[in-house]
Amino acid sequence: MAATRTVQFKIYRYDPDKDAAPYMQDISVELEATDHKLLDALVKLKAKDDSLAFRRSCREGVCGSDAMNINGKNGLACLTDIDSLKGPIVLRPLPGLPVIRDLIVDMTQFFKQYHSIKPYVVNFDPAPERERLQSPEEREELNGLYECILCACCSTSCPSFWWNPDKFVGPAGLLAAYRFIADTRDQTTNERLDNLEDPYRLFRCHTIMNCVDVCPKHLNPTKAIGKIKDLMLQRAV
Amino acid sequence: MKVAKRTFDAVIVGAGGAGMRAAIQLSESGLKTAVLSKVFPTRSHTVAAQGGVSASLGNSEPDHWHWHMYDTVKGSDWLGDQDAIEFMCKQAPQVVVELEHYGMPFDRLDNGKIYQRPFGGHMSNFGDKPVRRACAAADRTGHAMLHALYQRNVRANTQFFVEWMALDLLRAEDGRVLGVIAMEMETGDITVFQAKATLFATGGAGRIFASSTNAFINTGDGLGMAARAGIPLEDMEFWQFHPTGVAGAGVLITEGVRGEGGILRNSAGERFMERYAPNAKDLASRDVVSRAMVTEINEGRGCGPAKDHVLLDITHLDPNTIMTRLPGIREISIQFAGVDPIKAPIPVVPTCHYQMGGIPTNYLGEVVVHDQVVPGFYAAGECACASVHGANRLGTNSLLDLLVFGKSSGESMVDFIKSEPAAVQDIPQEQIDRALARVDRLDTQKDGANVHETRAAMQRTMQNHCGVFRFKDMLAQGVDKITEVEAAVRQTEIKDKSKVWNTARQEALELDNLIEVAKATMVSANARTESRGAHVRDDAPDTPQHPNGRDDENWLKHTLWYKEGSRLDYKPVKLKPLSVETIALKTRAY
């Protein structure tokens, strides 16, 4: 266990209410032995300087609030061990999205893409009295898909999403698209594939795999995208 | 300050499970509905629920809603209202099936039905033996549920106001609720949301304690707003300490771990729950298990160098079970305890987890003061007190609570809105000014108290004076101390005056809400001179006349705390269910 120590930070700061331009702030913080995660340090920093703005909520990696760029790589502050990071620790907002303030980005475009894949089960049969049946094997197809926390680490690490955030669905949205295609209760696989049949929406994925590298939940959007591409091929022949 | 105004049929504050379940009801009825949330909906704290949602589906073995009702009444130590409990347990199978139809990825049995696991206090045949009643999606049930509810709302085109913080409840002179006033985080702009019906689904306030499984956002905003608007808070002395928070970190480890066969052990390696609950053992009710753990630690049988925790052992389980049924727990243990539970036990301590009390409602989700309905005002989920959890909540009944009462409050709101005349009353200006004054004070306060330090002082006071075991003298001192902290809260000062995403301002406004909850808790706990459920005092011990220290003659009643003058009042427990016989008072044992 790490003892009391001082940790140095370089943090991207920008408050449009008072700053003409963004700047990097050098700041350090004393940490106690019980501070393990980057979020612990950010909370301490905020106690020192209450103007530092970042999102956070559950502090256990399930809500997806505190995604940021940490020493050049996207991740969740609450799941990142401080002692695993080389100092000074450089914190920036997620790349590729407009910055609102400090480490807070405008996620409108990210959620617009998520919504564009119609993220809900569509089933035209009248609702039965009881649950729709699904075998354990069918349910297992959803593993590695439904656990997404919409933190945007993946999409904002993807060069294709940086270039075309308005046209390319991005890894998070495509993972969700496959989650509904893979669900035996959904009856609109064809429509879902039609919705992605476009030079940009799906096919801008060039399997760079940054998404897989950064996902804090260890999910694999590239694999899901590959499966959608396979289904499109199967449908074409 | 310029205040914009928007008008809706309904406004919902909070986009966790309860708020979003209600929103489905309203949006699908074609009503113009605004849902306000401090965070993007899928970041609400429902997301952190792990183990399951209870419903007597009987997928693995016979079960019945009446047995579920019995367990809930017993779990509540008879403080729960039996009409609301019957309603909830009877509705459970239907709301869980609806959730499945929305797309919830429940785990499955070989026959394709929803997988169910055992959980604390879930018994068949009126307390006979454990039954599988908790419907689960691995150990991520809350996450799966919250996303399914959000997705259904996307389909229903619900209008969300994301990253808006409600500041205060707006009431007419006759007490009717007219909506809320709220602030947009991104701009600092303030808007009045006027509506015929207003629902609070703002969650709990676990952050009043220093050690809590709760998220940073769980600051009791709905309770603070209700208290300031003259609504009493019910049964606030009852807080659930979850037996298994990760020692040091506070992060939750689901009771589902024990449901899958996990065992609590002391420093001697002993399965100590056999001594405290010979029948249910590790699956006794949460208050019982938490007290047993603290007793073990206090008597020197804690583990680790400081002997300050016990161990949750699943090393005897098939690693495959851990990987498939408890994958999230394994991740949390590795991340926050530094142990892989396949190889070594997890260090755990009781940690503040759930607020049984809240804004008083009936089972239709209507807010009631005594039996008087407050027109236009509804509450559901953890911020509400229906009361189904009484003095102690059963595991998995919280996710059920938000489905059942999210739905029933939504239905009540639809009926109310449709029966109301079109004209809406003007909002009295002084109601708006009251909220603006709190924001203005933060812009001008000088030489005030530091928000971080004041909040920490409140959390320490609650932790030390109002924990798992409570002491007469400590409670009395606690009331004085929390009143001192309250004075500091009235003078908090922030350095950041920016209009844009000012989280310092947000935290100061949240502290205004937390302190109301903390004070309500301490004052209510100090006054209740019996032991019941999660509220156990040294001066109300187990005696033949009062087994477990419970005093039904004097204390079988709900507490009501009013902010004005910190006044207490009481109301009777509803012992009469809707259709079945009363579940008669009994001494609680597991």
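Would you give the gap between the C-alpha center of region B:547-585 and the C-alpha center of region B:325-365, rounded to a whole Å?
Going from one Cα centre to the other spans 29 Å.
Give, as ranges by residue number, the residues of region A:154-192 whose backbone N falls under 15 Å from the point 7 Å along Cα→Cβ of A:K223.
A:175-176, A:178-179, A:182
Taking Cα atoms, how many degrees apart are the long axis of helix B:451-465 and the longest axis of chain B, rounded to 10 and kept between 0 and 90?
Between helix and principal axis, roughly 40 degrees.
For chain B, what log10 I(q)/I(0) values come out of the Debye formula at q = 0.07, 0.09, 0.10 1/Å, with one point per alpha carbon and no solvent?
Debye curve over Cα of chain B, log10 I(q)/I(0) at q = 0.07, 0.09, 0.10 Å⁻¹: -0.38, -0.64, -0.80.
Shape verdict for region A:132-237, please, from the Cα gyration tensor: rounded (a/c under 1.5), prolate (a/b greater than b/c) or oblate.
oblate
About the Cα centre of the protein assembly as shown, how large is the charge dipole given +1 on each Lys and Arg Cβ and -1 on each Asp and Glu Cβ? Please answer in debye to the nearest 20.
1080
Can you give the calculated 222 nm mean residue ellipticity of chain B, where each DSSP H run of n ≥ 4 adds -39,500 (n - 2.57) and the sum is split over every residue, rounded to the nearest 500 deg cm²/dmol?
It lands at -11000 deg cm²/dmol.
Full-extension gain between B:A172 and B:E420, please, as 0.36 nm times their residue separation minus the C-alpha to C-alpha distance.
87.7 nm
Considering amide H positions built from the backbone, and no H for Pro or chain starts, which residues 5 or more places from B:G179, or on another chain, come under 5 Å of its amide H?
B:L170, B:A195
Can you tell which of B:I334, B:I432, B:A589 lies farthest toward the positive end of the dipole of chain B, using +1 and -1 charges on the Cβ of basic and acidic side chains (Lys, Arg; Asp, Glu)?
Checking the options against the dipole of chain B, the answer is B:I334.
Would you mind getting me the FRET efficiency between B:R271 and A:Q187? Use the beta-carbon distance for r and R0 = 30 Å, nearest 0.05.
So the FRET efficiency works out to roughly 0.05.
Between B:D189 and residues 5 or more places away or on another chain, which pairs have amide H atoms under 5 Å apart, with H built 1.01 Å from N, and which residues are they?
It is B:E184, by chain and number.
Calculate the mean, over all residues of peptide B:37-47, of how many other protein chain Cβ atoms lie within 10 angstrom of the residue's Cβ.
Counting other chains' Cβ atoms within 10 Å and averaging over B:37-47 gives 5.
For chain B, take the longest principal axis of its alpha carbons; what is the angle in degrees between that and the long axis of helix B:472-489, to the nearest 10 within 0 to 90?
For B:472-489 against chain B, the angle is about 30 degrees.
Can you tell me how region B:384-541 classifies by the Cα gyration tensor, rounded, prolate or oblate, using a/c under 1.5 as the rounded cut?
Here region B:384-541 falls in the oblate category.
Hey, which of these cross-link pairs are over 28 Å Cα-Cα: B:K472/B:K519; A:K86/B:K38; B:K90/B:K113; B:K5/B:K418; A:K112/B:K113; A:K167/B:K32?
Among B:K472/B:K519; A:K86/B:K38; B:K90/B:K113; B:K5/B:K418; A:K112/B:K113; A:K167/B:K32, the Cα-Cα distance tops 28 Å for A:K86/B:K38; A:K112/B:K113; A:K167/B:K32.
By a straight-distance test (C-alpha under 22 Å), which lysines pair with B:K343 as possible cross-link partners, with residues fewer than eight away in the same chain excluded?
Here the lysines satisfying the reach criterion relative to B:K343 are A:K217, B:K307.
Working from Cα positions, state the angle (0 to 90°, nearest 10) between the long axis of helix B:141-155 and the longest principal axis of chain B.
Between the helix axis and the principal axis of chain B, the angle is about 30 degrees.
Roughly how many nanometres apart are two label points built 7 Å out from the Cα toward the Cβ at B:D110 and B:D480?
6.6
Give the aspartates and glutamates reachable from B:K129 as a straight Cα distance under 16 Å; neighbours fewer than 8 places away on the same chain don't count.
Straight-distance partners of B:K129: B:E61, B:D63, B:D71, B:E260, B:E274, B:D282.
Can you give the charge dipole size of region B:501-588 about its Cα centre, rounded to the nearest 20 debye, using +1 on the beta carbon of Lys and Arg and -1 on the beta carbon of Asp and Glu?
280
Hey, fewest Cβ within 10 Å first, where do B:I322, B:I329 land in order?
Lowest to highest Cβ neighbour count: B:I322, B:I329.
Between B:T444 and A:K18, how high is the FRET efficiency from 1/(1 + (r/R0)^6) when r is the Cβ-Cβ distance and R₀ = 25 Å? Nearest 0.05.
About 0.90, to the nearest 0.05.
Between A:F203 and A:K44, 0.36 nm times their residue separation minus their Cα-Cα distance comes to what?
Here the segment from A:F203 to A:K44 would lengthen by 52.9 nm.
Sort A:C151, B:C303 so that the residue with the fewest other Cβ atoms within 10 Å of its own Cβ comes first and the one with the most comes last.
The order, fewest Cβ neighbours first, is B:C303, A:C151.
Please list 3J(HN,Hα) in residue order for region B:376-385, calculated via the Karplus relation 6.51 cos²θ - 1.76 cosθ + 1.60 where θ = phi - 60°; whole Hz, with x for glycine and proline.
With coefficients 6.51, -1.76 and 1.60, one gets x, 10, 9, 8, 8, x, 5, 6, 9, 10 Hz.
Can you give me the long-range amide H partners of A:G87? Hydrogens built in the peptide plane at 1.01 Å from N, cutoff under 5 Å, separation of 5 or more residues or another chain.
Close amide H contacts, sequence-distant or interchain: none at all.
Cut-off is 10 Å between beta-carbons; in what order do B:T219, B:T454, B:T295, A:T108 appear when sorted fewest neighbours first?
A:T108, B:T295, B:T454, B:T219
Using unit Cβ charges (K, R positive; D, E negative) and no other charged atoms, how large, in debye to the nearest 20, is the dipole of region B:246-374 about its Cα centre?
That gives region B:246-374 a dipole magnitude of about 320 debye.
Does region B:425-469 come out rounded, prolate or oblate, given a ≥ b ≥ c as the square roots of the eigenvalues of its C-alpha gyration tensor, rounded meaning a/c under 1.5 and, failing that, prolate meaning a/b above b/c?
Because a/c hits 1.5 or more and a/b fails to exceed b/c, region B:425-469 counts as oblate.
Report ³J(HN,Hα) in whole Hz for each residue of region B:500-516, in order, from the Karplus equation J = 6.51 cos²θ - 1.76 cosθ + 1.60 where θ = phi - 60°; Gly and Pro get x.
With the stated coefficients, region B:500-516 comes to 8, 6, 8, 6, 5, 5, 4, 5, 5, 5, 5, 5, 4, 7, 4, 5, 4 Hz.
What's the FRET efficiency of B:F126 with B:T295 using the Cβ-Cβ distance as r and R₀ = 22 Å, to the nearest 0.05?
Step by step, r from the Cβ atoms, then E = 0.20.
Taking every residue in B:332-338, how many Cβ atoms of other protein chains lie within 10 Å of its Cβ, on average?
Average per residue, whole number: 3.
If you count, for every residue in B:489-502, the Cβ atoms of partner chains within 10 Å of its Cβ, what is the mean?
Counting other chains' Cβ atoms within 10 Å and averaging over B:489-502 gives 4.
Show me, for region A:7-12, the HN-Hα J-couplings you get by feeding each phi into the Karplus relation (A = 6.51, B = -1.76, C = 1.60, θ = phi - 60°), rounded to Hz, glycine and proline as x.
After applying 6.51 cos²θ - 1.76 cosθ + 1.60, I find 10, 9, 10, 10, 10, 5 Hz.
Read-outs throughout are calculated quantities, based only on the coordinates presented, and are distinct from any laboratory measurement. This structure is a prediction, so every number in the text was calculated from the model and none was measured. For neighbour counting, all protein chains shown are included, and Cβ atoms are generated from backbone atoms with ideal geometry for every residue, glycine included.
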